[in-house]
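**Student:** The structure's right below; bear with me while I get my questions together.
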Amino acid sequence: MLLPVKDMAGNQIGELEVSDLVFGAPINRPLMHQALVRQLSNARLGTHKTKTRGEVSGGGRKPWRQKGTGRARQGSIRAPHWVGGGTVFGPRPRKYIKDMPKKMHRAALRSALSVKASAGQIVVLDQLTMEQPKTKAMVALLEALGLNGQRVLLVLPEKDEVVQLSARNLPEVKSLLSGYLNIRDLLGYDVLLMTREAVAHVEEWLGADVAGQSTAAVAEAEE
């Protein structure tokens, strides 16, 4: 698969051949959904809590005697049916962590990248350098690339404080290191803006296990 390569002025200066194992993989939508649900679930804190009748303050005394008042018998004013009483079956602190094998997680990322590539939503930059952190410079870059007004995920191969600070104040732009690529950001942003080095790192990371499986399959077929 070939992806167009542009410079910072927005001019196409060539094409980059990327691995079909990563950017042209079979699209597995149920797997992408499972990975997204897992990531959203793992992000939950699970600190919600309500008080039961044993945790609400007060109510240690029987409100009135058992018989002779004409009213229904009551043992505590903090019973669940009283105003200010405890809560029955309310939320308790818990963990929402879901597990997923690494191979499944990487396959979901490959599916998401393939969706972006097939839709023409991946822009590759030959290089991305800025002398000083300026939001105006990042806005000018996005306008030159025709990405103004779109939600852009900027993927960098390594930490670049100048570029990251330039994009930080733009609400529709998020900078992310290629090693932290995740399914929620891939599906949540309109365009993926990557440098050559970031593409190479993603291919090395996500294509290793698939390449190994392909090599083993070829060896078995030759035997």
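**Student:** On a straight-distance basis, which lysines could pair with Lys102 in a cross-link, Cα separation under 22 angstrom, same-chain partners fewer than 8 positions away excluded?
**Tutor:** Lys116
**Student:** Separate question: Just to be sure I understand: with springs between alpha-carbon atoms less than 10 Å apart, which residue in Arg196, Arg151, Arg61 has the highest mean-square fluctuation in the Gaussian network model of the chain?
**Tutor:** Sorting by GNM fluctuation, first place goes to Arg61.
**Student:** With 10 angstrom as the radius, rank Asp126, Asp160 by how many other C-beta atoms surround their C-beta, starting from the fewest. Display every interim value, and only then the final one.
**Tutor:** Details: Asp126 15, Asp160 19.
Taking fewest neighbouring Cβ atoms as first place, the list is Asp126, Asp160.
**Student:** Related question: Are there GluC sites (Glu not before Pro) in the range 1-105 that DSSP puts in a loop and that have at most 14 other Cβ atoms within 10 Å, and which ones?
**Tutor:** Numbers: sites: Glu15, Glu17, Glu55; in loops: Glu55.
Qualifying residues, ordered by number: Glu55.
**Student:** Return the distance in nm (one decimal) between the two label points of a simple spin-label model at Thr129 and Asp99, each offset 7 Å from Cα along Cα→Cβ.
**Tutor:** 4.7 nm
**Student:** Also, quick follow-up: Under 15 Å from the Cβ of Arg106, count the other residues' Cβ atoms, weight Lys and Arg +1, Asp and Glu -1, and hand me the total.
**Tutor:** Values: positive: Arg38, Lys102, Lys103, Arg110; negative: Asp99, Glu203, Glu204, Asp209.
Charge balance near Arg106 sits at 0.
**Student:** Per residue of the chain, what 222 nm ellipticity follows from adding -39500 (n - 2.57) for every DSSP H run with n ≥ 4, rounded to the nearest 500?
**Tutor:** Numbers: 7 runs with 86 residues, N = 223.
Mean residue ellipticity, 222 nm, calculated: -12000 deg cm²/dmol.
**Student:** Filter the GluC sites (Glu not before Pro) in the range 120-169 to those in DSSP coil with at most 14 other Cβ atoms within 10 Å of their Cβ, and list the result.
**Tutor:** In loop regions of the range 120-169 (DSSP not H, G, I, E or B), the sparsely surrounded GluC sites (Glu not before Pro) are Glu131, Glu158.
**Student:** Same structure again: Pulled fully out, how much extra length does the chain show between Asp7 and Arg71, if you take 0.36 nm times their separation in residues and subtract their Cα-Cα distance? If you can, show how the numbers build up before the last one.
**Tutor:** Working: separation 64, 0.36 × 64 = 23.04 nm, distance 8.30 nm.
Here the segment from Asp7 to Arg71 would lengthen by 14.7 nm.
**Student:** To the nearest 0.05, what FRET efficiency results for Val83 and Arg44 with a Förster distance of 30 Å applied to their C-beta separation? Each step should come with its number before you reach the end.
**Tutor:** Details: r = 31 Å, r/R0 = 1.02.
Between Val83 and Arg44 the formula returns 0.45.
**Student:** Would you mind checking the tilt of helix 29-42 against the longest principal axis of the Cα atoms of the chain, expressed as 0 to 90 degrees and rounded to 10?
**Tutor:** Around 50 degrees separate the two axes.
**Student:** Hey, in the GNM for the chain with a 10 angstrom Cα cutoff, which one of Val115, Val199, Val88 fluctuates hardest?
**Tutor:** Taking springs between Cα atoms under 10 Å, the residue moving most is Val88.
**Student:** Among Gly146, Gly85, Leu31, which residue has its Cα positioned farthest towards the positive end of the charge dipole of the range 17-166, with +1 placed on the Cβ of Lys and Arg, -1 on the Cβ of Asp and Glu, and the dipole taken about the Cα centre?
**Tutor:** Gly85
**Student:** Specify the angular offset, from 0 to 90 degrees and rounded to the nearest 10, of the alpha carbon long axis of helix 102-118 from the longest principal axis of the alpha carbons in the chain.
**Tutor:** It is inclined by approximately 60 degrees.
**Student:** As a footprinting exposure proxy, order Ile183, Ile97 by other Cβ within 10 Å, with the fewest listed first. Kindly include the intermediate steps, with their values, before the conclusion.
**Tutor:** Details: Ile183 22, Ile97 10.
Ascending Cβ contact count within 10 Å gives the list Ile97, Ile183.
**Student:** Tell me which label goes with the value of log10 I(q)/I(0) by the Debye sum over Cα atoms at q = 0.10, 0.17 Å⁻¹ computed from the coordinates here: (1) -0.44, -1.07; (2) -0.60, -1.19; (3) -0.51, -1.41.
**Tutor:** Of the labelled values, this structure produces (2).
Bear in mind these aren't lab numbers, they're just calculated from the coordinates by the rules spelled out. Note that this is a predicted model, so its numbers are computed, not measured. Ideal geometry is used to build each Cβ from the backbone, glycine not excepted, and the neighbour counts take in all protein chains shown.
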